[in-house]
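No value in this document is a laboratory result; all are computed from the given coordinates. None of the values given here were measured: they were computed from a predicted structure. Cβ atoms come from the backbone with ideal geometry, glycine included; neighbour counts cover every protein chain shown.
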Amino acid sequence: MQRREFLVFASLLVTGCATKTSSLPEAPAMRFSATDREIITRFYTPSGGRSASGSIPAQRAKVGDLLDSGQRPNKLPIDLAKSLPDLPAPYTRLTLGADVVLVNRDSHAILDVIPQVAY
């Protein structure tokens, strides 16, 4: 009988620990700030000296997707990267087709997208 009581008690302890919620605050999700969006959009507008190359490809990147091994994202142009604030590790901004994406380099997760601005 003692063994059965011990097993019941142990299972209650384990269950109680597994269902306890964490009191630690969650880290805020990384996103493009309004200022970042404005700087990036202004950089790629025709009045900024850039010209549209005809039709812009359809949006390929979506928040929550992972970069596939076959996708070839590019770094932002140097002039644009210099005008944006630095990001903490492991985050980076890239262009993927006509989209500018915010990516976690460790997990390859796409955290935010500015669609169809880079051309």
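Using modelled backbone amide H atoms (1.01 Å from N, in-plane), which distant-in-sequence or interchain residues come within less than 5 Å of residue 65's amide H?
Amide H neighbours of residue 65, under 5 Å, 5+ apart: 110.
Would you kindly derive the ³J(HN,Hα) couplings of segment 88-97 from the backbone phi angles with the Karplus curve 6.51 cos²θ - 1.76 cosθ + 1.60 (θ = phi - 60°), listing them in order in whole Hz, with x for Gly and Pro?
Once rounded to whole Hz, the list reads x, 5, x, 8, 8, 9, 9, 9, 10, x.
Please sort 61-70, 81-90 by packing, taking for each peptide the average over its residues of neighbouring beta carbons within 10 angstrom, highest first.
Taking the mean over residues of other Cβ atoms within 10 Å, the ranking is 61-70, 81-90.
Length gain on complete extension for the stretch residue 72 to residue 108, per 0.36 nm per residue less the alpha carbon to alpha carbon distance?
Taking residue 72 through residue 108 to full extension adds about 11.7 nm, to one decimal.
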